[in-house]
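A short reminder: the numbers here are calculations on the coordinates, not readings from a lab. Computed from a prediction, not measured in an experiment: that's the story for all the values here. Because the Cβ atoms are built from the backbone with ideal geometry, glycine has one as well, and the counts that use them run over all protein chains shown.
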Amino acid sequence: MRSQLEAERASRAQLETQLAELQAQLATQTAASAANQAELRSQLAAERTSRQQLQTELAFPREELAKLKENPPPATAQNPAAEVKLPDAADLLNQLKKANGKKFTASLQDVEKILESLGVEES
């Protein structure tokens with residue numbers, strides 16, 4: 001009987017040792033999990049802050065775009081180059097000849113074609 005009691009005590013001590021080891025492992029894993037959760041929460045907060053900043057930065061351009069869609073600027077404001085008035089072909093040819101001297105070989109028809117390709121109507 002005594003030997004059986006000693007065997008049970010030894011078995012109980014061994015089980016208590018295993019239990020203590022398992023509890024220590026559980027505590028370590030719980031601490032690691034808590035640290036991991038804290039890191040993930042921190043990353044999530046940073047991502048939310050970043051997203052909120054981006055949304056704030058995009059809010060103004062979106063408002064401006066909505067206003068432009070509602071009230072588009074006139075065609076002349078969209079294409080200011082269309083407002084440029086060039087002299088008629090003959091005057092332009094004379095100015096080019098004066099600027100380039102004797103070596104200038106374009107004709108009045110050349111200048112008219114250039115103005116036509118630019119979309120300039122003759123006055």
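Observations on the structure shown:
- Hydrodynamic analysis of the chain uses the Kirkwood radius over alpha carbon pairs. Inserted into Stokes-Einstein at 25 °C and 0.890 mPa s, it gives a translational diffusion coefficient of 101 µm²/s.
- Reachable aspartates and glutamates, given that their alpha-carbon falls under 14 Å from the alpha-carbon of residue 103 and they are not under 8 places away in the same chain: none
- Helix runs (DSSP H) in the chain reaching 30 Å along axis by Cα, Kyte-Doolittle at least 0.0: none
- A simple count of charges around residue 63, restricted to other residues whose Cβ falls under 15 Å of its Cβ and scoring Lys, Arg +1 and Asp, Glu -1, yields 0.
- Candidates 55, 43, 29: whichever shows maximal mean-square fluctuation once the chain is modelled as a Gaussian network with Cα springs under 10 Å: 29
- Mean separation of Cα contacts under 8 Å, 6 or more apart, over the residue count of the chain: relative contact order %: 15
- Most mobile listed residue (12, 51, 41) in the chain, GNM with C-alpha springs under 10 Å: 12
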